[in-house]
Amino acid sequence: MNKKKTQILLINDLAGYGKVATAAMLPILSYMGYPVYNLPTALVSNTLDYGKFNIMDTTEYIRGVFPVWEQLGFSFDAIATGFIASPAQARLVSDWCRLQAEKGTTVFVDPIMGDEGRLYNGVTEVTIQSMRDMIQVADLIFPNYTEACYLTEAAYRSEGVTWEEAKHLLDNLLRIGTRSALVTSIRVDGRTAVVGYNHLKDEYFLLPYEEIPVHFPGTGDMFSAILIGHLLGGEPLKHATRAAMDALYRLIDLNRNNEDKNRGIPIENYLSVVKG
C-alpha cells in the first residue's frame with residue numbers, strides 16, 4: 001500500500017493543554033507521510049494528570065458528522081479509535097466502524113479504560129462491555145495489561161504472569177473478535193514486555209523492554225501512532241511493535257528531565273525519532 005494515499009482517521013479525544021490522544025498522534029502520523037483526519041470523542045481542557053479538568057462529550061456532534069461524510073463520499077483506509085466518552089458513543093462509533101470495515105477499512109482499537117490494576121474514574125462495567133463491542137470490529141487491538149484483564153475477566157496479577165498465561169490472555173482477547181492483538185506493560189516471567197499475536201502469521205511473540213522510571217501522559221498514544229505508521233507502511237506486526245517500543249523508549253529518555261511532565265512529551269520537537 002502506498003502510504004501517501006493511505007487516509008487515516010483518528011477517533012479520539014482532543015486535549016487543549018498537553019500532548020495526549022489526538023494531539024500526540026496526529027503530528028507523528030503526519031510526519032510519517034500519511035494524510036490524517038480526526039473526529040474528537042471529547043474535548044478536554046488539559047491532561048487529567050493535573051487533577052482538575054473540564055470535559056465535553058461530543059457524541060451528538062459525531063452523530064451529525066457521519067451522515068455528512070456519507071453524503072460527501074469521504075472514506076478512510078484506516079481508522080484508529082482511542083478514548084470513548086460513553087456507552088452511547090461506543091455503540092455509535094462501533095456501528096460506523098463495522099460498516100467501514102465491511103468496505104475494506106482497517107480498524108485499530110486502543111481500548112482505553114485503566115492502568116496499574118485500576119479503572120480510570122468514570123469507567124464502569126457498561127464501559128467495559130462497550131469496549132468489547134468495539135473490539136469485535138477490530139483488525140488489531142493494543143490494550144495494556146490492566147485493560148486486557150478487565151476485557152477478559154482475568155485476575156490482575158501485579159507480580160506478572162508466565163509466557164503460557166500471557167498467550168492464554170491473548171487467546172481470550174481474540175475470542176472477543178479482534179484478528180490480532182497486543183498486550184502492553186505486562187510482566188512475563190519476571191520481565192516487563194509487550195506480547196502479541198499476529199493472525200497473518202499465526203505467530204505469538206514476546207518483546208521485553210527496560211522501563212524508565214518516569215511517567216508522561218500520552219506515551220501510549222505515541223506508541224499507537226508509531227505502531228500504526230509502521231504497519232501501514234507494510235511492516236509485519238512484530239517488527240512494527242519493536243520499532244514503536246524502541247522509538248518510545250528514546251522519546252521518554254530524551255525528556256526524562258522535563259520539569260512539567262503532566263504536559264506530556266512535546267512530540268513536535270522529536271519527530272525525527274519516530275522513524276527510528
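Tabulated values for the structure
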item: Count - residues of the range 45-60 that are assigned to a loop (DSSP other than H, G, I, E, B), in contact with a Gly (Cβ under 9 Å, 6 or more places away or on another chain) and modelled with pLDDT under 95; result: 1
item: Residue list for the range 45-59, filter: open to solvent by 70 Å² or more (accessible area, probe 1.4 Å), touching a residue at least 12 places away in the same chain (Cβ under 8 Å) and not β-branched (V, I, T); result: L48, Y50, M56, D57
item: Some residue of the range 159-180 being more than 28 Å from A247 (Cβ to Cβ) and among the aliphatic types (A, V, I, L, M); result: yes
item: Verdict on V195 being under 16 Å from the mean Cα position of the chain (by Cα) and buried (at least 16 other Cβ atoms within 10 Å of the Cβ); result: yes
item: Yes/no for K5 being open to solvent by 50 Å² or more (accessible area, probe 1.4 Å), at pLDDT 95 or above and of a type outside the set (V, I, T); result: no
item: Output for the range 220-241, where each listed residue is surrounded by 20 or more Cβ atoms within 10 Å (Cβ to Cβ) and not small (G, A, S); result: D221, M222, F223, I226, L227, I228, H230, L231, L232, L237, T241
item: In the range 158-175, the residues that are open to solvent by 80 Å² or more (accessible area, probe 1.4 Å) and either modelled with pLDDT under 95 or over 17 Å from M134 (Cβ atoms) (or both); result: S158, E159, E164, H168
item: Filter result for the condition that a residue is crowded, with 22+ Cβ neighbours inside 10 Å, closer than 27 Å to L43 by Cα and not aliphatic (A, V, I, L, M), over E125, E116, E147; result: E147
item: Residue satisfying all of: in the range 60-80; more than 25 Å from I228 (Cα to Cα) and not acidic (D, E); most open to solvent (accessible area, probe 1.4 Å) among these; result: Q71
item: Pairs where the first residue, in the range 213-235, is within 17 Å of S272 (Cβ to Cβ) and the second is at pLDDT 95 or above and basic (K, R), C-beta under 9 Å, 6+ apart; result: M222/K19
item: Of all residues in the range 245-276 being hydroxyl-bearing (S, T, Y) and surrounded by 13 or more Cβ atoms within 10 Å (Cβ to Cβ), the one that is farthest from the chain's Cα centre (by Cα); result: Y270
item: Among the candidates T81, T22, T105, residue that is farther than 24 Å from E147 by Cα, among the hydroxyl-bearing types (S, T, Y) and in contact with an Asp or Glu (Cβ under 8 Å, 6 or more places away or on another chain); result: T105
item: Subset tally (residues that are farther than 21 Å from L151 by Cα and either open to solvent by less than 10 Å² (accessible area, probe 1.4 Å) or in contact with a helix residue (DSSP H, G or I) (Cβ under 6 Å, 6 or more places away or on another chain) (or both)) for the range 84-99; result: 1
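Yes or no, residue by residue, for (1) touching a helix residue (DSSP H, G or I) at 6+ places or on another chain (Cβ under 8 Å); (2) under 23 Å from P111 (Cβ atoms); (3) touching a residue at least 24 places away in the same chain (Cβ under 8 Å); (4) part of a helix (DSSP H, G or I):
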{"residue": "G33", "(1), (2), (3), (4)": "yes, no, yes, no"}
{"residue": "N38", "(1), (2), (3), (4)": "yes, yes, yes, no"}
{"residue": "L43", "(1), (2), (3), (4)": "no, yes, yes, no"}
{"residue": "I62", "(1), (2), (3), (4)": "yes, yes, yes, yes"}
{"residue": "V65", "(1), (2), (3), (4)": "no, yes, yes, yes"}
{"residue": "Q71", "(1), (2), (3), (4)": "no, no, no, yes"}
{"residue": "S75", "(1), (2), (3), (4)": "yes, no, yes, no"}
{"residue": "I79", "(1), (2), (3), (4)": "yes, yes, yes, no"}
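The values are calculated or read from the model by the stated rules, or taken from the named source; none is laboratory data. Predicted model, so just to flag it, every value in this text is computed and none were measured. Note that we place each Cβ from the backbone using ideal geometry, even for glycine, and neighbour counts take in every protein chain shown. Each accessible area value is taken on the protein alone, full model and side chains, heavy atoms only, with ligands, DNA and RNA left out. Shrake-Rupley method; radii C 1.70, N 1.55, O 1.52, S 1.80 Å.
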